[in-house]
1. When residues of region 58-69 are filtered for being open to solvent by 50 Å² or more (accessible area, probe 1.4 Å), on the phi < 0 side of the Ramachandran plot and of a type outside the set (Phe, Trp, Tyr), how many remain?
2. Take residue 29 and tell me if it is farther than 20 Å from residue 91 by Cβ, modelled with pLDDT under 95 and touching a Pro at 6+ places or on another chain (Cβ under 7 Å).
3. Restricting to region 32-57, name every residue that is within 14 Å of the chain's Cα centre (by Cα), within 17 Å of residue 94 (Cβ to Cβ) and at pLDDT 95 or above.
4. Take the residues of region 106-120 that are outside any strand (DSSP E or B) and among the hydroxyl-bearing types (Ser, Thr, Tyr): which is least open to solvent (accessible area, probe 1.4 Å)?
5. Could you tell me whether any residue of region 37-46 is on the phi > 0 side of the Ramachandran plot and open to solvent by 70 Å² or more (accessible area, probe 1.4 Å)?
6. Being farther than 15 Å from residue 39 by Cβ and open to solvent by less than 10 Å² (accessible area, probe 1.4 Å) is the filter; apply it to region 78-105 and report the residue that is nearest to the chain's Cα centre (by Cα).
7. Residues that are within 18 Å of residue 6 (Cβ to Cβ) and aromatic (Phe, Trp, Tyr): find the strands (runs of 3 or more DSSP E) completely inside region 23-94 holding 1 or more of those.
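The values are calculated or read from the model by the stated rules, or taken from the named source; none is laboratory data. All values derive from a computational prediction rather than experimental measurement. Virtual Cβ from ideal backbone geometry, glycine too; neighbours counted across all protein chains shown. Ligands, DNA and RNA are excluded from the accessible area calculation, which covers all protein heavy atoms including side chains. Shrake-Rupley method; radii C 1.70, N 1.55, O 1.52, S 1.80 Å.
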Amino acid sequence: QVQLVESGGGLVQPGGSLRLSCAASGSIATISAMSWYRQAPGKQRELVAAKTSGGSTNYADSVKGRFTISRDNAKNTVYLQMNTLKPEDTAVYYCNARIKPFDIPASDYWGQGTQVTVSS
């Protein structure tokens, strides 16, 4: 079985920084992409940042210049460095990965979600 384990969420002051991490484990053949999504109360889930195994990245306009996604392929781990945090960044953040396990078809896998709260 494959799972994604997140860490690093918590409470932070406006203007502060936080780093999230997400490690994939299990019977993994390949991971083609890893990404971060978030969902704020009463809002739809949105893509925050994504990074392919080849190194290409994309960001939501609302976080560009403040957030940085990075990936350690050897560790099957993706990070999200969040700087200059704003109250509107408050959300549950979810890790996502497109994973091909051994012997079964590729599919999307999700982390359990981690709460990020930016106080007023």
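1. 5
2. yes
3. 35, 36, 37, 38, 39, 45, 46, 47, 48, 49, 50
4. Only one residue fits best here, namely 119.
5. Initial filter on region 37-46 (on the phi > 0 side of the Ramachandran plot): 42.
Checking which are open to solvent by 70 Å² or more (accessible area, probe 1.4 Å) leaves us with 42.
Yes, region 37-46 contains at least one residue that is on the phi > 0 side of the Ramachandran plot and open to solvent by 70 Å² or more (accessible area, probe 1.4 Å).
6. Result: 78.
7. Details: elements: 28-39, 46-52, 57-59, 67-72, 77-82.
Answer list for region 23-94: 28-39, 67-72, 77-82.
Residue-by-condition table, conditions (1) of a type in the set (D, E, K, R); (2) within 20 Å of residue 9 (Cα to Cα):
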{"residue": "30", "(1), (2)": "no, no"}
{"residue": "34", "(1), (2)": "no, yes"}
{"residue": "49", "(1), (2)": "no, yes"}
{"residue": "64", "(1), (2)": "yes, yes"}
{"residue": "70", "(1), (2)": "no, yes"}
{"residue": "73", "(1), (2)": "no, no"}
